[in-house]
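The values are calculated or read from the model by the stated rules, or taken from the named source; none is laboratory data. In this text, all values refer to a predicted model and were calculated from it rather than measured experimentally. Cβ atoms come from the backbone with ideal geometry, glycine included; neighbour counts cover every protein chain shown.
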Amino acid sequence: MADNSIPSFKAADLVIQLTSTPKAKSDTAAFGVIFTDHMLTIEWSADGGWQAPLIKPFENLSLHPACSSLHYAIQLYEGLKAYRGDDDRLRIFRPMLNMDRMSKSAKRACLPAFNQSELLECIRRLVEIDQDWVPHSDAASLYIRPTYISTEPSLGLKTPTRALLYVILCRAGHYFNNTGEALSLWTDPKYTRAWKGGTGDCKMGGNYGSTLSGQYEAVDHGCEQVLWLYGEDHQITEAGTMNIFLHWINEYGEEELATPPLDGIILPGVTRHSVLELTRKWGEFKVSERHLTMSQLCSALKQQRVKELFGSGTACMICPIGHVVYQGEDLYIPCQVKNSQLTARIAKELTDIQYGRQPSDWTFLV
């Protein structure tokens, strides 16, 4: 729950400046390319505290060349989506989970706290203003990107005295270009996405920019994403920017859906959280948060105990994985993309909630 006692901006103080030159609505749903007419900005300083939230026409930011978010990566972000339901109403999926994660990331980055409910109300107003940008489609949505950066104008590495919280919106279709196909993953233990005591459980930009070289090496090996490993036992952690799930018959002969635990190196994904809640509610098989290693996966594949492997995330939703390249060996994962059993069922239940076909308290009406 949000702490109402902390100093924070108030949605009631929101100032709105509407654009006089609305953009033409593009039909493209390519991820992160076309942005809406408006943005939300909220400034903070150690001397003046939080300023009034402002919704204004979308524009470039002006930053001091010594801005510490540029030099020392004192910044973080979130990603959530708004969906246009079959009833034409707009719904944001589980936004308070994003607000909570953003608050935890801000604490880790030594950025000032804020009231989560107040930010969510400001985001709601922004989406309401730009609601015509939300696609009339159950294959696309409006992506919401809250971002929080230090604007400290000095090269000293210190707690920021100035900061900017802003939110931008863009249309989003399929995150990957291989629509309808299972992903291929390349893995090499020389690359590590996160480590104990680091910031792998926070949504910080530095966690992602540093993965690009591994991503390009994966492409060189004919794969689309990286399967990130950790430790000498090659623990499976995440796949690209996704959490990962293994549906299998485990070493004890039990049908199990397993995902790595939140032990400090795994991002607590909203979709991950939702998949765990959904499948536990079914009560049809064991659902676990446990460490998984490549040796366990390889053994299970040889013994034909693997049912499915898939990734989950806000951008990609549920994405089947069909192929892993590990230590020069091609591992082929059982995967029926067209009539997949578990992934299709999870995806349908989630999208039914997101688009209002299934009533749920997981959605926030705009």
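Tabulated data for the structure shown
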item	result
Residues within the range 260-273 that are buried (at least 22 other Cβ atoms within 10 Å of the Cβ) and in a helix (DSSP H, G or I), tallied	3
Filter pass, LEU212 being within 30 Å of LEU142 (Cβ to Cβ) and either touching a Pro at 6+ places or on another chain (Cβ under 7 Å) or not assigned by TED's automatic domain parsing to the domain that holds ARG101 (or both)	yes
Out of GLU238, GLU232, GLU256, GLU251, sole residue that is closer than 20 Å to ALA300 by Cα, surrounded by fewer than 14 Cβ atoms within 10 Å (Cβ to Cβ) and touching a residue at least 12 places away in the same chain (Cβ under 8 Å)	GLU251
Any chance ARG94 is on the phi > 0 side of the Ramachandran plot, in contact (Cβ under 8 Å) with a residue 40 or more places away in the chain and surrounded by 15 or more Cβ atoms within 10 Å (Cβ to Cβ)	yes
Flag if SER295 is within 14 Å of GLU251 (Cα to Cα), assigned to a strand (DSSP E or B) and either in the same structural domain as GLY253 (by TED's automatic domain parsing) or among the aromatic types (Phe, Trp, Tyr) (or both)	no
Hey, HIS323 under 22 Å from TYR208 (Cβ atoms), of a type outside the set (A, V, I, L, M, F, W, C) and surrounded by fewer than 22 Cβ atoms within 10 Å (Cβ to Cβ) or not	no
Those helices (runs of 4 or more DSSP H) lying entirely in the range 35-152 with at least 1 residues under 23 Å from SER360 (Cα atoms) and among the small types (Gly, Ala, Ser)	116-129
Enumeration of residues in the range 128-139 that are within 20 Å of ALA30 (Cβ to Cβ) and touching a Leu at 6+ places or on another chain (Cβ under 9 Å)	ASP130, TRP133, VAL134, PRO135
One residue from ALA2, ALA11, ALA29, ALA24 being surrounded by 15 or more Cβ atoms within 10 Å (Cβ to Cβ), of a type outside the set (Val, Ile, Thr), out of contact with any strand residue (DSSP E or B) (no Cβ under 6 Å at 6 or more places or on another chain) and modelled with pLDDT under 95	ALA2
Yes/no for TRP282 being of a type in the set (Phe, Trp, Tyr) and in contact (Cβ under 8 Å) with a residue 24 or more places away in the chain	no
Unmet requirement for THR159, which otherwise passes all of (1) modelled with pLDDT under 95; (2) in the same structural domain as GLY32 (by TED's automatic domain parsing)	(1)
Unique residue being farther than 20 Å from LEU126 by Cβ and surrounded by 14 or more Cβ atoms within 10 Å (Cβ to Cβ) when the list is SER45, SER62	SER45
Number of the exception - ALA106 against (1) surrounded by fewer than 22 Cβ atoms within 10 Å (Cβ to Cβ); (2) among the hydrophobic types (A, V, I, L, M, F, W, C); (3) touching a residue at least 60 places away in the same chain (Cβ under 8 Å); (4) under 28 Å from VAL33 (Cα atoms)	(3)
